[in-house]
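Asks: Here's a structure for you.
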Amino acid sequence: MNFGDYISQKRKEKNFTIRELANRLEISFTYLSDVEKGRSKAFKQEILKKIIEVLQLNKEESDILNDLAGESQGSVAPDIAEYLKNHPEAVVAFRKNVIRKEKNEYH
């Protein structure tokens with residue numbers, strides 16, 4: 001499943017029309033439609049947070065949404081990027097515990 005399909009599925013599960021959800025997100029319905037149909041990449045983190053709130057997504061659903069958004073953007077999940085930006089110590093720990101260990105495995 002891709003990001004647009006996931007948004008569409010969750011929107012329909014919560015009985016929102018595309019126009020209703022777009023209004024609640026304060027974006028144009030054509031923009032939302034383009035994202036759902038894969039013509040536009042995933043939304044920025046600000047809109048993703050609104051989607052999570054409006055559609056009342058649980059933690060698992062929110063994680064999937066963010067992972068698919070990152071995949072759509074060809075990047076890391078936006079919530080992870082935001083976390084790392086706000087917690088520089090996590091970047092240091094990641095390098096120390098993951099990246100360096102991987103490098104040592106190949107040497």
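Asks: By accessible area of protein heavy atoms, probe 1.4 Å, what ranking do Phe3, Phe16 get, highest first?
Replies: Correct descending sequence by accessible area is Phe16, Phe3.
Asks: Here's a follow-up. If you build a Gaussian network model of the chain, linking Cα atoms that sit under 10 Å apart, which residue out of Ala69, Ala81, Ala93 swings the most?
Replies: Residue with maximal mean-square fluctuation among Ala69, Ala81, Ala93: Ala93.
Asks: Please state the charge dipole magnitude for the stretch 15-107, taken about the Cα centre, from unit charges on C-beta atoms (+1 on K and R, -1 on D and E), reported in debye and rounded to the nearest 20.
Replies: Its charge dipole is roughly 340 debye.
Asks: Check the straight Cα-Cα distances from Lys96 and name the lysines below 23 Å, setting aside those fewer than 8 residues away within the same chain.
Replies: Lys85
Asks: I'm spelling it out carefully: the read-out is Cα extents along the principal axes in Å, the candidates are (1) 41, 31, 22; (2) 65, 25, 19; (3) 54, 23, 21, and one was derived from this structure. Which label?
Replies: So the calculated entry is the one marked (3).
Asks: Quick one: 3J(HN,Hα) in Hz for the stretch 29-46, Karplus 6.51/-1.76/1.60 with θ = phi - 60°, rounded, Gly and Pro as x.
Replies: Calculated HN-Hα couplings, in order: 5, 5, 5, 4, 4, 4, 5, 4, 8, x, 7, 10, 6, 4, 6, 6, 4, 4 Hz.
Asks: Express in nm, to one decimal, how much length is gained between Glu46 and Lys96 on full extension, taking 0.36 nm for each residue of separation and deducting their alpha carbon distance.
Replies: 15.0 nm
Asks: Do any GluC sites (Glu not before Pro) in the stretch 1-81 lie in a loop, going by DSSP, with at most 10 other beta-carbon atoms within 10 Å of their beta carbon, and if so which?
Replies: Counting only loop positions with at most 10 other Cβ atoms within 10 Å, the GluC sites (Glu not before Pro) in the stretch 1-81 are Glu26.
Asks: A follow-up question, please. Work out how much length Met1 to Asp63 would gain on full extension: take 0.36 nm times their residue separation and subtract the Cα-Cα distance, in nm to one decimal.
Replies: 20.9 nm
Asks: Test of the criteria: in the stretch 1-89, which trypsin sites (Lys or Arg not before Pro) are in a DSSP loop and have at most 16 other Cβ atoms within 10 angstrom of their Cβ?
Replies: Lys14, Lys37, Arg39, Lys41, Lys44
Asks: Determine the relative contact order of the stretch 16-104: mean sequence separation of Cα pairs under 8 Å and six or more apart, normalised by residue count, in whole percent.
Replies: Over the stretch 16-104, the number comes to 18 percent.
Asks: Evaluate the distance, in nm, between pseudo-label points positioned 7 Å from the Cα of Phe16 and of Glu89 along their respective Cα→Cβ axes.
Replies: Result for the modelled spin labels: 3.6 nm.
The values are calculated or read from the model by the stated rules, or taken from the named source; none is laboratory data. Fair warning: this is a prediction, and the values are worked out from it, not measured in the lab. All Cβ positions, even for glycine, are placed from backbone atoms using ideal geometry, and neighbour counts span all protein chains on display. What goes into the accessible areas is simple: the full protein's heavy atoms, side chains included, and nothing from ligands, DNA or RNA. Shrake-Rupley method; radii C 1.70, N 1.55, O 1.52, S 1.80 Å.
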